[in-house]
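*Asks:* First the structure, then my questions, so here it is.
The values are calculated or read from the model by the stated rules, or taken from the named source; none is laboratory data. Only a predicted model underlies this, so the values are computations on that prediction, with no experimental measurement involved. Here the Cβ positions follow ideal geometry from the backbone for every residue, glycine too, while neighbour counts run over all protein chains shown.
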Amino acid sequence: MHFAINQKIFLLVFLFIFLGCKSKYEDCTEDDYKACNTYRPVTGEVRIQVTINNENPEVTILAFEGDFEDGNLVWEKVVRQPRYTVIMSTDKKYSFTTTYKKDIKSIVAVDGGKLKVSSYTMCEYTCYETNLLEIDLVLK
């Protein structure tokens, strides 16, 4: 009798686990595959926000690979709009800086992050997606 109760408990646990592990793409229709990128992305999108005002009608954004203190400058760009989007290599950490004038002071804004590639399984495929890296260099 004790053995039968253990079997029933095992069976119930197994059923809960098995039924809880369904894919959200059970039917694997063609529509499911439209969102699946089966190639690992080598680039991703970086959106940078800056402050553009009367005192700072344009700013220079500096992009560094790794920490900006390491000095590995990748590019620099003068922008005149509050939003700037750029495509950069994935699986790397980046730092961004810009310098603002405020009264007679110079203020440096710094932000950074990593463009990461993640994967998930859909039906029989491995799908990849890249995070959107949002950089906030807005003058506070």
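*Asks:* So which pairs qualify, if the first residue must be in region 47-64 and free of Cβ contacts under 8 Å to residues at least 24 places away in the same chain, the second must be of a type outside the set (S, T, N, Q), the Cβ gap must be under 6 Å, and the two must be at least 6 apart or on different chains?
*Replies:* From region 47-64, the pairs are Glu58/Val78; Glu58/Arg80.
*Asks:* Surrounded by 14 or more Cβ atoms within 10 Å (Cβ to Cβ), at pLDDT 95 or above and either among the basic types (Lys, Arg) or under 24 Å from Leu139 (Cβ atoms) (or both): is that true of Val108 in this structure?
*Replies:* On the way: surrounded by 14 or more Cβ atoms within 10 Å (Cβ to Cβ): no; at pLDDT 95 or above: yes; either among the basic types (Lys, Arg) or under 24 Å from Leu139 (Cβ atoms) (or both): yes.
Considered against the rule, which asks whether it is surrounded by 14 or more Cβ atoms within 10 Å (Cβ to Cβ), at pLDDT 95 or above and either among the basic types (Lys, Arg) or under 24 Å from Leu139 (Cβ atoms) (or both), Val108 comes out as no.
*Asks:* Here's something else I'd like to know. Residue under question is Val108, and the condition is that it be under 15 Å from Asn56 (Cα atoms) and touching an Asp or Glu at 6+ places or on another chain (Cβ under 6 Å); does it hold? Steps first, please.
*Replies:* Values: under 15 Å from Asn56 (Cα atoms): yes; touching an Asp or Glu at 6+ places or on another chain (Cβ under 6 Å): no.
Answer is no for this residue.
*Asks:* Can you tell me which residue is surrounded by the fewest Cβ atoms within 10 Å (Cβ to Cβ) among those in region 29-86 that are assigned to a strand (DSSP E or B) and polar (S, T, N, Q)?
*Replies:* The initial filter retains those residues of region 29-86 that are assigned to a strand (DSSP E or B), namely 43-50, 59-65, 73-79, 83-86.
This time we only want the ones that are polar (S, T, N, Q), so: 43, 49, 60, 85.
Values: Thr43: 12, Gln49: 15, Thr60: 12, Thr85: 9.
Going through the qualifying residues, I end up with Thr85.
*Asks:* Can you pull out every residue in region 94-130 that is farther than 20 Å from Glu45 by Cβ, among the charged types (D, E, K, R), in contact (Cβ under 8 Å) with a residue 24 or more places away in the chain and assigned to a strand (DSSP E or B)?
*Replies:* Correct list: Lys101, Lys102.
*Asks:* Here is a follow-up. Return yes or no: is Met88 at pLDDT 95 or above and touching an Asp or Glu at 6+ places or on another chain (Cβ under 9 Å)?
*Replies:* Yes: the conditions hold for Met88.
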